[in-house]
Structure formats: structure tokens, C-alpha cells
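Notes follow once the structure below has been shown.
The values are calculated or read from the model by the stated rules, or taken from the named source; none is laboratory data. Note that the structure is a prediction, hence the values are computed from the model and not measured. Positions of Cβ are backbone-derived with ideal geometry, glycine not excepted, and every protein chain shown enters the neighbour counts.
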Amino acid sequence: MKKIFLYSTVAILAFSSCRKDDTPETYKEPEDINVQNSYDDQAIVKFLDKNYLDALGNIKAFSDTDTSDDNYPKLSQLNPVTLPSGVVYIVRDGAQPNPGAAIASTDIIRIMHRTYSYVATNTDNNVAFTSTSLFRSTIDGSGVPEVDPAYYFVKRSVLDADKSKDRSYYEIEGFNEALQKFKSFNMQDSDNYNLQGIIIVPSRAAFARDAHFNYTGYSMRNRSLVFNFQVYKNSARPIDQL
């Protein structure tokens with residue numbers, strides 16, 4: 001995956017398809033993208049220690065004042081796996097399909113999820129995710145799975161309509177990579193969710209500093225994503241969409 005390799009220092013570019021990023025005014029983009037990559041990795045470690053999963057698999061932050069969450073294990077205690085790309089995924093124990101269907105990189109998926117994006121920043125030597133912003137949430141929105149999102153696999157018809165854009169303009173490579181580590185349920189859209197896992201995509205495995213499709217109305221430059229999800233169903237994509 002091309003975004004995983006080292007980048008040379010680049011100047012800050014304005015995206016024609018996105019308005020100005022909503023990161024804090026104090027945030028200054030490191031000139032060396034390897035510094036941002038290091039921030040991402042450190043912020044992921046901190047995120048795993050500060051959050052847990054509730055009874056339905058939703059990510060929750062530990063409270064400093066409420067003791068009711070004291071007995072929940074940290075995400076870091078749930079066997080997170082780190083891929084060579086820097087992507088981290090957690091397969092939630094007891095919440096997987098049996099036997100389930102393998103998920104291919106080109107499949108059409110129906111996914112129930114709540115996904116946030118963050119910018120990893122260093123403030124007074126404290127590296128953490130900041131500038132939290134919602135990327136997608138079917139849980140808080142329609143209540144039904146999202147169908148065939150282009151950030152997983154973009155249709156051939158979309159690529160053919162604009163030859164100047166390739167797959168990396170649309171697809172979140174690290175999400176596609178990690179989702180194949182899971183299996184799909186065979187559920188109806190109206191079924192209640194029980195989230196099966198987490199995928200954390202550092203910015204270098206998302207859009208890094210490249211131009212990208214305007215999914216959110218704000219720039220995804222340097223943004224990492226945390227997917228909290230369940231794949232309700234998957235199916236093979238027709239050949240003419242590949």
C-alpha cells in the first residue's frame with residue numbers, strides 16, 4: 001500500500017474538494033510526515049488504554065468520577081492486533097458469526113457502525129487524539145447498515161466517470177485491509193446490532209496528506225479513524241463493477 005511507505009517533506013496543500021480542516025488552531029502539521037506517523041501510533045496506544053467496550057460492543061471512555069466502569073477491561077487488554085501498516089484491530093470475543101462468511105477486498109458489504117476521525121497532536125509533550133469528528137454513524141442515524149461504501153471499495157463506474165482519480169482517492173486502504181480479518185454475519189437490516197469489533201486506521205493507512213473524496217465536508221488530512229462496527233452481510237461484487 002503506497003501510503004505506508006515513507007513520504008518526503010511536502011508543503012501544505014488546499015484540497016479543492018474539502019473546506020479548511022477543523023483541527024485546533026494550536027495544531028501545526030509536522031513537516032516530516034514520519035513525525036505525524038509517530039504521533040498517530042502513540043495516540044492509538046493511549047486510546048486503547050482510556051476506552052472499553054460496553055455490553056453491545058460500543059466504545060466508551062473510562063470515567064474519572066464514576067466507578068461503575070471500573071471492572072471493564074481496557075481495549076488494550078482485548079488482544080489488539082497491529083498490522084505492518086500500523087492498523088490496529090480488535091476481534092470482540094463472543095460477538096462473532098458462527099461460522100460466518102469470509103470478507104473479500106472487493107465485496108459489497110452492509111455495515112452497522114459508528115466511526116470517528118481524530119488528529120493525533122503533541123501538546124506540551126502530551127500526544128493524544130484531538131479534534132474528534134464524526135465520520136459516519138448508522139447507529140445514531142438511520143439505524144440500518146450502510147450499504148457498499150466507496151471508502152471500502154469504489155465502483156468501476158465511479159472511476160470511469162473521472163479518469164483523473166484512482167482508488168486511493170476514495171478508499172481507506174487500512175480499513176479494507178483489516179476488515180478482511182473479520183467474517184460477516186447473515187443478518188437482516190432490521191436486526192439489532194451487537195458490534196463485533198474495532199479497526200483503528202492511522203492517517204498513513206487512510207488518506208495521509210493526499211487529495212481525497214469529500215466524505216465529510218472537512219479535510220481528512222492527517223486524520224486517523226476508529227471504526228466500531230458489525231458487518232451484517234456481504235456478497236460478491238458483479239464483474240462489471242470491479
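What to note about this one:
- Per the conditions (1) part of a loop (DSSP other than H, G, I, E, B); (2) on the phi < 0 side of the Ramachandran plot; (3) at pLDDT 95 or above; (4) exposed (fewer than 15 other Cβ atoms within 10 Å of the Cβ), the sole criterion not satisfied by PRO30 is (4).
- Any chance GLY57 is of a type outside the set (Ser, Thr, Tyr), closer than 28 Å to ASP32 by Cβ and in contact (Cβ under 8 Å) with a residue 60 or more places away in the chain: no
- Enumeration of residues in the range 140-177 that are under 16 Å from SER117 (Cβ atoms), crowded, with 17+ Cβ neighbours inside 10 Å and among the charged types (D, E, K, R): GLU146, GLU171, GLU173
- Selection count where residues are surrounded by fewer than 16 Cβ atoms within 10 Å (Cβ to Cβ), of a type in the set (S, T, N, Q) and at positive phi, scope the range 90-139: 1
- When the range 64-81 is limited to residues that are modelled with pLDDT of 95 or more and loosely packed, with under 13 Cβ neighbours inside 10 Å, the one that is farthest from LEU225 (Cα to Cα) turns out to be PRO73.
Quick grid of which residues meet (1) under 15 Å from LYS46 (Cα atoms); (2) touching a helix residue (DSSP H, G or I) at 6+ places or on another chain (Cβ under 8 Å):
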| residue | (1), (2) |
| --- | --- |
| PHE62 | yes, yes |
| ASN71 | no, no |
| ARG92 | no, no |
| GLN96 | no, no |
| PRO99 | no, no |
| TYR116 | no, no |
| SER133 | no, no |
| THR138 | no, no |
| ALA150 | no, yes |
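- Residue match in the range 43-51 (condition: in contact (Cβ under 8 Å) with a residue 24 or more places away in the chain, on the phi > 0 side of the Ramachandran plot and surrounded by 12 or more Cβ atoms within 10 Å (Cβ to Cβ)): no
- Among the residues of the range 181-217, those that are among the basic types (Lys, Arg) and closer than 27 Å to VAL127 by Cβ comprise LYS181, ARG204, ARG209.
- Taking residues in the range 163-181 that are over 22 Å from GLN96 (Cβ atoms) and touching a residue at least 60 places away in the same chain (Cβ under 8 Å), and partners anywhere that are basic (Lys, Arg) and surrounded by 18 or more Cβ atoms within 10 Å (Cβ to Cβ), the pairs with Cβ atoms closer than 8 Å and at least 6 places apart or on different chains are SER168/LYS3; GLU173/LYS3.
- The condition of being part of a strand (DSSP E or B) and closer than 20 Å to ILE111 by Cα holds for ASN228.
- Among residues of the range 161-183 being among the charged types (D, E, K, R), assigned to a loop (DSSP other than H, G, I, E, B) and within 17 Å of the chain's Cα centre (by Cα), the one that is nearest to ARG221 (Cα to Cα) is GLU171.
- Qualifying residue in the range 201-212 (condition: farther than 23 Å from GLY100 by Cβ, buried (at least 24 other Cβ atoms within 10 Å of the Cβ) and hydroxyl-bearing (Ser, Thr, Tyr)): yes
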